[in-house]
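Single-structure report; data block below.
Please treat every number below as a calculation from the coordinates, not as lab data. The model shown is predicted, which means the values in this text are computed figures rather than measured ones. So basically every Cβ, Gly included, is an ideal-geometry build from the backbone, and we count neighbours across all protein chains shown.
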Amino acid sequence: MFSLLVFMCFGEKVDEKKIREIESVQRSFLLGFSRFQILNLLPRLISRIFFTKKWKDFYKLRSDQGKVLIPLIRSRQEQVKKTCEENQKSLGICYVDSLLNLELPDEGGRRLTDNEFVSLCSEFLNTGTDTTSTDLQWIMANLVKHQEIQSKLYDEIRTLDSDHYEIQEENLKKLPYLKAVILEGLRRHPPSHYVLPHAVTQYVTLDGYIIPKEATVNVMIAEIGWDPKIWEDPMVKMIPFGAGRRMCPAFGLAMLHLEYFVANFIKEFKWTAKVGDDIDLSEKQEFTTVMKNPLWAHVSPREEED
Ligand code: HEM
């Protein structure tokens, strides 16, 4: 999943060593997330006096990130410059291309700085990897645990009339049961149990509760999805990607990735539990809500059983 996101970000298929390097700086940044949050609490000048060591570590991490990400951004920039217009189609479009073309209208049309590039690419890689891979694991774990659902899904996949070795994007929309499986996975195990903290812009009264202006509100998406009392309209109550203006901008991409991987995993292999393993669905809080005991499955090619 991470390699795919790196490709989508920089438009380049980088080797395994480079992937590990990018992954390592990104992971350090992600793991430091809660440690550095405190740096936002006080005005910068005061915070620097109280948290000198934390600031030093933070800048070291940012500099390590820059050393790894900036050369990839520059390399893409050079590649686009060198490629004449008619050949640019073959290059495809990556996330960095859209950032390179960006002009900020409120700031005199200026371009992004290196620092901003690093932040945005870092956000793309981190928000896009753990979320989707966490849910992929939860969905596969449920398919291992509930063999009858896996069989029904495989039966649906077999109705596809296609010569392609793998299930292609255009065929995914012909699989409504697959979509239902993915949505149910997201309802039961949203990678984040809350949306990002939001602030109330004006005083409101909601369900008898007064919410003052600028109060921070955390919407509990997991609890909402699990509550049968508010499930008159499931499609409205299920919001694993948040809702409204700040909802996940990659909702369509994440659904595509989940549908694509689950469909192809199930088409090619039968997934069963290891002997004696009941598949534990307990949760553990990391950057996302992950499986406390990660999935270990026995995977066998479908041809063997057909
Ligand atoms: C199963 C996969 C995913 C889930 C469940 C998910 C869920 C969410 C949620 C709940 C939010 C907060 C929305 C809010 O505060 O109202 C969010 C924000 C965001 N997501 Fe995702 N996400 C997923 C995949 C991705 C991917 C693949 C990317 C990028 C490639 C991505 C990029 C972002 C970004 C940049 C934001 C912040 C948006 C903003 O602040 O306006 N997400 N996501």
### Task
Normalising by the residue count of region 1-152, find the relative contact order in percent from Cα pairs under 8 Å and 6+ residues apart.
33 percent
### Task
Please go through region 163-253 and write out the chymotrypsin sites (Phe, Trp or Tyr not before Pro) that DSSP classes as loop and that have at most 13 other C-beta atoms within 10 Å.
Tyr165, Tyr203
### Message
As an exercise, take the mean of 1/r over every pair of distinct alpha carbons in region 1-56, invert it, and state the Kirkwood radius in angstroms.
### Response
13.4 Å
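Given contacts defined as C-alpha pairs under 8 Å and at least six residues apart, what's the relative contact order of region 149-300, whole-number percent?
23 percent
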### Task
Would you mind computing, in nm to one decimal, how far apart the modelled labels at Leu31 and Asn264 are, each placed 7 Å from Cα along Cα→Cβ?
3.0 nm
### Query
Of Lys229/Lys292; Lys17/Lys284; Lys145/Lys270, which ones are farther than 19 Å apart at the Cα?
Lys229/Lys292; Lys17/Lys284
### Query
What does the charge count near Asn126 come to, summing +1 for each Lys or Arg and -1 for each Asp or Glu among other residues with Cβ under 12 Å from its Cβ?
-2
### Message
Longer than 22 Å from Cα to Cα, which of Lys89/Lys174; Lys13/Lys82; Lys13/Lys89 are they? Say none if no pair is.
### Response
Lys89/Lys174
### Message
Would you work out the Kirkwood radius for region 153-246? I mean one over the mean of 1/r across all pairs of different Cα atoms, in Å.
### Response
16.2 Å
### 222 nm mean residue ellipticity, helices alone, for the chain (DSSP H n ≥ 4; -39,500 (n - 2.57); rounded to 500)
-17000 deg cm²/dmol
### Task
Just need the relative contact order of the chain here, percent rounded to a whole number, with Cα pairs under 8 Å and 6+ apart.
17 percent
### Query
Under 5 Å between amide H atoms, partner at least 5 residues away or on a different chain: which partners does Lys270 have, H built in plane at 1.01 Å?
Ser300, Arg302
### Summary
A correct Stokes-Einstein calculation for the chain, using the alpha-carbon Kirkwood radius, 4 °C and 1.567 mPa s, returns a whole-number D in µm² s⁻¹ of 58 µm²/s
### Summary
Net charge (Lys, Arg +1; Asp, Glu -1) of residues whose beta-carbon lies under 15 Å from that of Leu112, Leu112 excluded, is -3
### Query
What longest region of the chain stays clear of trypsin sites (Lys or Arg not before Pro) that DSSP places outside H, G, I, E and B and that have at most 13 other Cβ atoms within 10 Å?
14-110
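Count charges around Leu42 for me, please; just the other residues with Cβ under 13 Å from its Cβ, Lys/Arg as +1, Asp/Glu as -1.
Here the charged neighbours net out to +3.
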